[in-house]
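Worksheet: the structure to be examined is printed underneath.
The values are calculated or read from the model by the stated rules, or taken from the named source; none is laboratory data. Quick caveat: nothing in here was measured; it's all calculated off a predicted structure. Cβ placement follows ideal geometry from the backbone for every residue including glycine, while neighbour counts extend to all protein chains displayed. For the accessible areas, the whole protein counts, side chains as well, though only heavy atoms, and no ligand, DNA or RNA atoms are used. Shrake-Rupley method; radii C 1.70, N 1.55, O 1.52, S 1.80 Å.
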Amino acid sequence: MTEKRDFKNINYSGSNKAEDVLEWAFSEFDPNIVMACSFEAPILVHMAVAINPDIRIFSIDTGRLPEETYQCAQDLEDLYGIKIEWYFPKYDAVETLEREKGVYSFKQSINARHECCGIRKVEPLSRALAGQNAWITSLRKSQSQSRIKISKVEYDEAHGGIIKINPMVDWTQEDVWQYLKKNRVPYNRLLDRGYMSIGCSCCTKAIEFGGTPRSGRWWWEQSEHKECGLHQNNYSI
Ligand code: SF4
């Protein structure tokens, strides 16, 4: 019987370049590694297909995504010849939620919002990561207060003790724009309309002047720590 690898001993000592982090990740974990994509500014898709054309890329279709997000996904498939692995929420859980609490239950309280995110995002993510040893995200420190402590390589306890890799952790919004334009990467057109963080259409709006990147998410809530539960219980290694 194969012994389960202890991922707490994993160490990345390479350069800060996102491409180098990806190369290391594939050499270390392929084929048990997947990339998450929300079709906002999919720079890592552009980089990853050049390094590993067989990279598996998944996304979660919550059922309430904006049209521009689907368009970005289609643009990527057409340009790079990839197939996105879509994950949906369990239909019976969504049916029960909407029948019992309505289609806008998430506006009633933070707990109610977490319930909706739990059904539409967190549960599908756990299926997407089942059996994997590592996953890649586009998280950046500059996106919010709750992300300033994230690292390039983290131990992801919440998903069974696998490794979470965040190659763009130190990128600024300006870095993102420059890369998108220079490399002609398809991106979510809502970014051209003042959106800086894009999730479900009913919970996302353009930011107001001076607003933080995630202030357009769940804007009716007061908390600075606006997360949906996809990224939790990780620590740096
Ligand atoms: Fe539900 Fe809004 Fe979370 Fe989407 S972002 S899963 S609609 S609460």
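Here is how the numbers come out for the structure above:
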item	result
Residue ID - farthest from the ligand (Cβ to nearest atom), chosen from residues in the stretch 200-217 that are of a type in the set (A, V, I, L, M, F, W, C) and not in a helix (DSSP H, G or I)	Phe209
Candidate set: the stretch 40-91, residues that are under 15 Å from the mean Cα position of the chain (by Cα) and polar (S, T, N, Q); chosen: the one nearest to the ligand (Cβ to nearest atom)	Thr62
Positions within the stretch 119-129 being surrounded by 15 or more Cβ atoms within 10 Å (Cβ to Cβ) and more than 8 Å from the ligand (Cβ to nearest atom), in sequence order	Val122, Glu123, Pro124, Leu125, Ala128, Leu129
Number of the condition not met by Val103 [criteria: (1) touching a helix residue (DSSP H, G or I) at 6+ places or on another chain (Cβ under 8 Å); (2) near the ligand (Cβ under 10 Å from one of its atoms); (3) under 24 Å from Leu190 (Cβ atoms)]	(1)
Selected residue (criterion: nearest to the ligand (Cβ to nearest atom)) from residues of the stretch 130-145 that are surrounded by fewer than 20 Cβ atoms within 10 Å (Cβ to Cβ) and among the hydroxyl-bearing types (Ser, Thr, Tyr)	Ser144
Residue count for the stretch 21-32, restricted to those that are loosely packed, with under 14 Cβ neighbours inside 10 Å and either in a helix (DSSP H, G or I) or of a type in the set (Ser, Thr, Tyr) (or both)	1
Number of the condition not met by Gly160 [criteria: (1) open to solvent by 20 Å² or more (accessible area, probe 1.4 Å); (2) over 19 Å from His231 (Cβ atoms)]	(2)
